[in-house]
1. Looking only at region 169-200, count how many residues are assigned to a helix (DSSP H, G or I) and not small (Gly, Ala, Ser).
2. Could you list, in sequence order, the residues of region 22-42 that are part of a loop (DSSP other than H, G, I, E, B) and under 10 Å from Phe98 (Cβ atoms)?
3. Quick check, is Pro101 in the same structural domain as Thr48 (by TED's automatic domain parsing) and either among the aromatic types (Phe, Trp, Tyr) or touching a residue at least 24 places away in the same chain (Cβ under 8 Å) (or both)?
4. I'd like the full set of residues that are farther than 17 Å from Val18 by Cβ and outside any loop (DSSP other than H, G, I, E, B), limited to region 69-110.
5. Taking helices (runs of 4 or more DSSP H) that fall entirely within region 115-168, which contain at least 3 residues that are within 19 Å of Leu208 (Cβ to Cβ)?
6. Go through (1) touching a Lys or Arg at 6+ places or on another chain (Cβ under 9 Å); (2) over 30 Å from Leu208 (Cβ atoms); (3) of a type in the set (D, E, K, R) and name the single condition Arg27 misses.
7. Would you be able to say whether some residue in region 173-188 is more than 23 Å from Thr251 (Cα to Cα), in the same structural domain as Gln254 (by TED's automatic domain parsing) and of a type in the set (Phe, Trp, Tyr)?
8. Return only the number of the condition from (1) closer than 28 Å to Asn261 by Cα; (2) surrounded by 14 or more Cβ atoms within 10 Å (Cβ to Cβ); (3) in contact with a strand residue (DSSP E or B) (Cβ under 6 Å, 6 or more places away or on another chain); (4) in contact (Cβ under 8 Å) with a residue 40 or more places away in the chain that Lys114 does not satisfy.
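The values are calculated or read from the model by the stated rules, or taken from the named source; none is laboratory data. Computed from a prediction, not measured in an experiment: that's the story for all the values here. For neighbour counting, all protein chains shown are included, and Cβ atoms are generated from backbone atoms with ideal geometry for every residue, glycine included.
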Amino acid sequence: MPEFPDVTIYIEALEARVRGQKLERIRIASPFLIRSVEPPIFEAEKKTVLGLRRLGKRIVFELEGGLFLILHLMIAGRMRWQEEKGAKIPAKLGLAAFDFPNGTLLLTEASSKKRASLHLVRGSELLARHDPGGLEVFACSEREFSEALRRENRMLKRALADPKLFSGIGNAYSDEILHAAKLSPVTLTGKLTDAEIARLFKAVKATLIHWTDELRREFAGRFPGAGEITAFRPGFAMHGRFGQPCPVCKTSVQRIRYAENETNYCPRCQTKGKLLADRSLSRLLKNDWPKTIEEWEEE
């Protein structure tokens, strides 16, 4: 799922192309995309784009007439920009097209589950209802960050990626943040020391800034292409690097799988040499499940 750095890059790329432009036409290929009824989605047509903003992991188009078009890409939704006006919607992956005088914004989703969503609302009050409510880490103090983190005693990874606690952080960048902070993803937030929270707060900001800057350099002057906004970036330290060496200590990156997500971590940098048991494997292996990285490497 596109997170803070990815959504920021999308918004900057859109700002350069559609701000001040009239949304001439909306073409819908998948009816599952539209999640609002009133006002009807086509009321956004012929409206000028006044600006764009991020709302959590959502992309918001502010249109004249007090309208807001809210796009949530979810896990597999992506955007493409075609300078060809009225560009064809891709047959298999295409969800919709937004035609502007200077080109076409195509919306695709590489999944059969069709989770991406598009809402049209009128007025700031209704827009606010789509805000999950998480803290913006660049607009909060360390104290506010700490209070949100300790609100409930939860696993750190889950808390960090909870949109009701923190805005724009998800599965991929939380792995990178926790590695940078040298913290275990399963540490309970109630057990974190003030020093650990201070380290985490710095790591959150540093990681998000680093990757936003990296993506700006990569996509300078162009719109991200198909497959270029991804949760598995070559420069990542942890996420998607299971079995590869940690860039800090060279220990093999480990993972925990649950539902459709996986958590990647370094046993030496983050868990003091302990392996975190994958629930499904733990049930199968029981006492044979290695408890430390040393035991793992001996097998």
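1. Of the residues in region 169-200, the ones assigned to a helix (DSSP H, G or I) are 171-181, 189-191, 194-200.
So of that shortlist, the ones also not small (Gly, Ala, Ser) come out as 171, 173, 175-179, 189, 191, 194, 196-197, 199-200.
Residues meeting the conditions: 14.
2. Step one: list which residues in region 22-42 are part of a loop (DSSP other than H, G, I, E, B), which gives 24, 29-30, 35-40.
Across region 22-42, the qualifying residue is only Glu24.
3. Working: in the same structural domain as Thr48 (by TED's automatic domain parsing): yes; either among the aromatic types (Phe, Trp, Tyr) or touching a residue at least 24 places away in the same chain (Cβ under 8 Å) (or both): yes.
The answer is yes for Pro101.
4. Of all residues in region 69-110, those farther than 17 Å from Val18 by Cβ come to 72, 74-77, 88-95, 108-110.
Selection gives His72, Gly77, Gly94, Leu95, Thr108, Glu109.
5. Working: elements: 124-128, 142-149, 156-160.
Fully inside region 115-168 and qualifying: 142-149, 156-160.
6. (1)
7. Filtering region 173-188 down to residues more than 23 Å from Thr251 (Cα to Cα) leaves 188.
Filter once more, keeping what is in the same structural domain as Gln254 (by TED's automatic domain parsing): 188.
Going one step further and asking which of them are of a type in the set (Phe, Trp, Tyr), we end up with none.
No, because not a single residue in region 173-188 is more than 23 Å from Thr251 (Cα to Cα), in the same structural domain as Gln254 (by TED's automatic domain parsing) and of a type in the set (Phe, Trp, Tyr).
8. Status for Lys114: all satisfied but (3).
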